Amino acid sequence: MPHPQILIVSPASARENNGNWQTASRWQRFLRAGYRVRIAPSWQDGDPVPDLLIALHARRSGPALAAFRAAHPHKPALLVLTGTDLYRDIHEDDSARASLGLADALVVLQPDGLAQLTAQQQARTHVIYQSAPRLRPYRGRRERADIAMIGHLRPEKDPLTFMGAATRIEDSAVRLLHIGAALDPGLADAARATAAATPHYCWLGALPHLPARRRLRRCHAMVIASRMEGGANVIIEAVTSGVPVLASHVGGNVGMLGEDYAGYFPAGDAGALARLIERSVQDTRFHARLRRQCAARARLFAPAAERAAVLDLVDNLLLFPEPT
């Protein structure tokens, strides 16, 4: 008897190499042991019919989810909620809100996301942390204290705060490395202008996933300055590489790193970020504290844990679809 078929609808492709694509690709690997799995940008009536549809992004994959539910109301569907879903779209966009009611089960990528949902929606929501393989922490000599920010240049990631921090850095040992493609021409112009104005900032552009992670592993710390996050892969990749995180104090980051984490700064505050960066470089005890706190979270981001949670949810949906 052939294995059941699963379709993962992802608005992102391998070419875009963003968090949605990393999630889709990783879940495909997890599920291949027991299922036939493919990834596609959409689904419409007349396409091959999977036994289960997994939609990433309530708004952008909403048309595919709606079409699938209308054509095959008795087949299960799962919706994975992103940061823009949770912290913006489901509060402002009718189609994103509608998607919540069309899926048999919902997934959020860290527990703070539950607070954005109603009690009825929470009852069919599963928290599944994303994962990354552990890399041995870098122990070599560092000539400079490189601070990485990894994320395409778009407003939600708030790259201007990272650039603004670079202009305020006074420690000559500090260099801010920005990895990501220019999805916004204005932000690309700002990155080039910042690089020309200060030796503390270097925009490396887009890098493939593995080279970016190798570069991250050699850094002193990583910054995530986002205005909204669902459960950032880059936090996981930093933590599982022994690199402490300097994070904007927004719900998605707190859900990943914990309420008591010492490495937060107010979202959008370039001065506070610059001070936090310099403290992490100059205060060895503070840096060690951040590393200890990150190491304590690493167990949450183990591939075996994510794989088990995904397989358990999918197996149960195919056997016993949850009531919407």
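General observations
- Candidates in region 70-125 are the residues that are in a loop (DSSP other than H, G, I, E, B) and of a type in the set (S, T, Y); of these, the one that is nearest to Q5 (Cα to Cα) is T82.
- Check on E306, of a type in the set (D, E), touching a Phe, Trp or Tyr at 6+ places or on another chain (Cβ under 9 Å) and either assigned by TED's automatic domain parsing to the domain that holds I179 or closer than 27 Å to E156 by Cβ (or both): yes
- Annotation: of all residues in region 284-311 being farther than 26 Å from I8 by Cβ and out of contact with any helix residue (DSSP H, G or I) (no Cβ under 9 Å at 6 or more places or on another chain), the one that is surrounded by the most Cβ atoms within 10 Å (Cβ to Cβ) is R291.
- Top-ranked residue in region 28-61 [being small (G, A, S) and part of a loop (DSSP other than H, G, I, E, B); ranked as surrounded by the fewest Cβ atoms within 10 Å (Cβ to Cβ)]: G46
- Residue match in region 43-64 (condition: aromatic (F, W, Y), touching a helix residue (DSSP H, G or I) at 6+ places or on another chain (Cβ under 6 Å) and in the same structural domain as S10 (by TED's automatic domain parsing)): yes
- Any chance G230 is among the small types (G, A, S), in a loop (DSSP other than H, G, I, E, B), in contact (Cβ under 8 Å) with a residue 24 or more places away in the chain and not assigned by TED's automatic domain parsing to the domain that holds L246: no
- Taking the criterion of being buried (at least 24 other Cβ atoms within 10 Å of the Cβ) and either in a helix (DSSP H, G or I) or free of Cβ contacts under 8 Å to residues at least 40 places away in the same chain (or both), the residues of region 237-254 that qualify are E237, A238, V239, A247, G252, N253.
- Condition check for A206: farther than 25 Å from A296 by Cα and out of contact with any helix residue (DSSP H, G or I) (no Cβ under 8 Å at 6 or more places or on another chain): yes
- Among (1) part of a loop (DSSP other than H, G, I, E, B); (2) closer than 20 Å to A96 by Cα; (3) free of Cβ contacts under 8 Å to residues at least 40 places away in the same chain - the single one H3 does not satisfy: (2)
- Residue list for region 20-54, restricted to those being closer than 16 Å to A70 by Cβ and not polar (S, T, N, Q): W43, D45, G46, D47, V49, P50, L53
- The conditions of being surrounded by 22 or more Cβ atoms within 10 Å (Cβ to Cβ), in a loop (DSSP other than H, G, I, E, B) and among the aliphatic types (A, V, I, L, M) are not met by A165.
- Residue list for region 262-274, restricted to those being in contact (Cβ under 8 Å) with a residue 40 or more places away in the chain and surrounded by fewer than 18 Cβ atoms within 10 Å (Cβ to Cβ): G268, D269, G271
- Checking I169 against (1) closer than 23 Å to N18 by Cβ; (2) modelled with pLDDT of 95 or more, the condition it does not meet: (1)
- Being modelled with pLDDT under 95, among the basic types (K, R) and either more than 30 Å from S241 (Cβ to Cβ) or not in a loop (DSSP other than H, G, I, E, B) (or both) is a property that does not hold for R136.
The values are calculated or read from the model by the stated rules, or taken from the named source; none is laboratory data. If you're wondering where the values come from, they're calculated on a predicted model, not measured in any experiment. Reconstructed Cβ throughout: ideal geometry from the backbone, glycine too, with neighbour counts over all protein chains shown.
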